[in-house]
Amino acid sequence: MDQEALLVGKATDQHPEKRTVSTISCILGIVSQALEKLAYYGLVPNMILYLTVEYGMGTTEAANILFLWSAATNFFPLICAFIADSYTGRFPLIGFGSSTSLLGMLSLWLAAMIQPKCDKSIDVCQPITPFQLFLLYSFFTLTSIGAGGVRSSCLAFAADQVQLNNTTRISTSALETLFNWYYFSVMLAYFLSESLLVFVQTKYGWQIGFGVSLASMALSVALFFAASPFYVKFKCEHGLVSGLFQVLVAAFRNQHVDLSEEYIISYHHETGSSFSIPSQKLRYLNKACATSNPRQDLTLTGNSQNPWKLCTVQQVEDFKSLVNVLPIWSTGIILSLVTACQASFIVLQAKAMDRRTFIKGFEIPPGCYGVFMIISFVLFLVIYDLVVIPSVSWALRKPFRLGVMVRMGAGIAISVLCISTLAIVEYVRRKRAREEGGTMLSAMWLLPYMLLGGISEALISIAQNEFFYSELPKSMSSVATTLSGLNMAAASLVSSWIVTAVDTATCRTWIIEDINEGHLDYYYWLMTAFSLLNVVYFVWCSKAYGKCKSDTDNSIN
């Protein structure tokens with residue numbers, strides 16, 4: 001461990017005022033990232049309307065662009081996480097990402113300022129210029145790269161602020177509390193973005209609406225750098241990425257090694273390492289750290305002569321831990337497909353429904369209905385963390401918590417009900433619109449989907465982050481906190497493929513511009529079938545994985 005981290009750890013342990021400063025820096029970091037989420041997610045709900053109305057794109061084309069944007073936005077954090085853990089550290093990468101996102105939002109605002117002028121009375125618009133398209137696609141590119149820098153490290157950076165040093169982990173209960181309140185701040189930002197910012201865009205136009213997002217992002221960048229002197233900044237551990245590749249290469253080069261000949265094989269491990277012999281899971285990889293001739297393969301100091309031919313047991317176990325969590329990670333793809341990737345279609349759905357409220361003359365903008373999922377998410381978190389856990393712990397006379405596998409399984413099961421309610425609502429809405437003289441169904445019937453989706457997301461997103469953070473080694477903390485976001489990247493790509501495949505297979509009869517003539521309900525039932533298969537797949541994966549490190553004797557698993 002480096003001296004700077006050691007000094008920070010000792011100072012925090014010996015002086016309570018240092019712990020207070022770390023807590024304050026944690027809060028400042030979370031507030032800064034909440035402002036970034038406010039800026040970004042304020043742009044997402046209405047973006048499909050912006051592309052179809054202002055740029056004249058078709059529904060399928062616009063949806064595919066947004067799916068690819070979402071995929072890039074959620075994929076870049078994984079790449080940046082490896083960079084943060086291996087080369088730059090977390091603070092510089094967050095600063096780079098925030099600044100890049102700011103430039104991207106400036107491009108969108110400039111695009112809106114010079115957008116084509118339309119004569120609504122005759123439905124004629126000026127043609128789109130190449131420069132306007134350049135600004136639009138610059139926005140998508142820069143915000144994707146910027147999100148990679150920010151999201152790859154923000155949660156792990158927040159955890160750094162309340163750790164004693166760079167080698168210790170936060171306790172399980174403190175970790176769950178930190179994740180809960182981090183997500184509370186994020187969901188509060190979502191709430192404001194999908195209500196206030198979407199309303200401003202709808203009421204006052206794209207220029208002012210995008211300008212508010214730009215101002216929020218600028219404030220986020222300013223606050224993040226202003227609090228720089230107070231942050232705890234652990235240095236990265238070099239060689240993480242190369243170390244993972246070394247395991248694969250060494251295992252391949254040592255494929256001739258017979259692991260059954262234990263009497264002549266020894267395993268290379270560093271002095272003081274927590275692993276002296278490898279586990280029996282993924283046993284083939286054990287060949288990477290096995291040697292039958294230590295004198296030839298090791299130096300006089302005990303190091304490997306060639307790390308691309310002989311790795312340490314620790315390297316092998318670190319690589320195994322990453323491979324072992326991938327099946328559990330993959331179960332979150334369908335959940336993201338159900339709760340997040342349908343947002344664009346739901347906006348079109350809400351636009352075709354009765355959005356009037358009890359307030360005379362006020363209609364809820366179609367892009368604002370996602371706010372109900374956020375409310376459900378936040379309320380569930382508050383009730384679970386402040387009411388359910390303390391009450392059950394008091395009744396049992398001992399600490400109580402649900403294990404991460406239980407929470408993930410419950411979230412995946414609820415997602416089946418979530419998407420099936422949306423399919424039923426769309427069937428009824430379409431039937432009324434087509435067969436009953438154009439009667440519009442109330443958009444409040446979207447609430448069951450929103451409420452169930454919020455509970456499902458609250459259960460699985462926090463449990464997944466806690467699972468990855470606890471199961472992966474400390475040197476991969478940034479990677480651990482970006483894996484759940486990678487679900488969204490994969491889900492966005494899968495959504496794009498499914499929409500394209502459905503569009504082709506059905507000869508464009510399911511997903512079309514006039515959803516009254518299409519069959520979105522069939523598409524939602526297809527998603528329901530995938531969700532049911534996902535429940536079975538998760539049960540199989542969880543049984544194969546076994547007990548989690550984060551589960552204690554007081555956990556219900």
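Observations on the structure shown:
- Accessible-area value, ASP385, 1.4 Å probe, nucleic acids and ligands omitted, Å²: 30
- Flagged links, alpha-carbon separation over 18 Å, of LYS287/LYS543; LYS37/LYS203; LYS281/LYS547: LYS287/LYS543; LYS37/LYS203
- Accessible area (Å², per residue) of region 315-556, counting only protein heavy atoms and a probe of 1.4 Å: 41
- Accessible surface, 1.4 Å probe, highest first, among residues LYS360, LYS474, LYS309: LYS360, LYS309, LYS474
- The listed residues LEU219, LEU106, LEU447 rank as LEU219, LEU106, LEU447 when sorted by accessible area, largest first, using a 1.4 Å probe.
- For SER442, the residues 5 or more places off, or on other chains, whose built amide H falls under 5 Å of its own are ASP354.
- Calculation over all alpha carbon pairs of region 246-311 in 5 angstrom steps from 0 returns a P(r) of 3, 20, 29, 30, 15, 3, 0 percent.
- Stretch gain in nm, segment VAL387-TYR545, where the contour uses 0.36 nm per residue and the Cα spacing is subtracted: 53.8 nm
- Computed over protein heavy atoms with a 1.4 Å probe, the accessible surface of region 246-311 works out to 66 Å² per residue.
- Considering all different alpha carbon pairs of region 315-556, the Kirkwood hydrodynamic radius works out to 19.5 Å.
- Rounded D (µm²/s) - region 411-513, Kirkwood Rh over Cα pairs, Stokes-Einstein at 4 °C, 1.567 mPa s: 78
- Accessible area of region 182-226 divided out per residue, in Å², using a probe of 1.4 angstrom: 42
The values are calculated or read from the model by the stated rules, or taken from the named source; none is laboratory data. Only a predicted model underlies this, so the values are computations on that prediction, with no experimental measurement involved. Quick note on the areas: whole protein, heavy atoms, side chains included, nothing else; ligands and nucleic acids left out. Shrake-Rupley method; radii C 1.70, N 1.55, O 1.52, S 1.80 Å.
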